[in-house]
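Notes follow the structure.
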Amino acid sequence: MTAATPPEAIADPLSRELLQSVVEVARAIFGAQASSLLLHDEHDDALVFQAVSGEGENHLVGRRFPTGRGIAGWVLSSGEAMVVDDLARNATFDRELAESTEFVPDTIMAAPLCHGDRVLGVLEVLDPVPQSRSSLGELDLLALFAHQAATALRVVQERRVGVTHPGWDRAAALDLVHSLMDCLESGAPAS
């Protein structure tokens, strides 16, 4: 992959905090080596790393790649969550793209960040512990968490550009994610 000039990460501190808390909790819940959240940049049809926890957290934020590549690209276009236990044998996995991030996982769980009929991006969990990827229930949990994160993110984004929802404010969006984090952490698997 030829790296394009990395775009700036989301500048709003509250949005950055929200996204970082999402990847940190996802990583903890699934006992993963890394977790990342990529948002869809509709202007140039790219996925952009906006938050990373674990492997790659010091250099991936702001990196972009075309939406037609890899597992994240497939999840974005299909709107479906997926788990792949053996990436070396999966045709959708883009090894060259993974190598360019300096971390090549063996397994991945990925879920779309859906809000209404829009897919805003993808939440990935890389190399989760085996018990975290052993059932469809765990993938459903990731999809639920991604949906809640997308809802909170959308509220924050809409408030930033002046779209208002009665009864919602930016702090309410973070409260939504923090309450979900508390609930999910109480049932997190041991790593």
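Just so it is clear, none of the values below were taken in a lab; they were calculated from the coordinates. All of these numbers come straight from a predicted model, not from anything done at the bench.
Couplings 3J(HN,Hα) of the range 12-23, computed from phi: 5, x, 5, 5, 4, 4, 4, 5, 5, 5, 4, 5 Hz, in residue order, whole Hz [Karplus 6.51 cos²θ - 1.76 cosθ + 1.60, θ = phi - 60°; x for Gly and Pro].
Note on the range 32-132: along the principal axes its Cα atoms extend 34, 27, 22 Å, ordered by decreasing extent.
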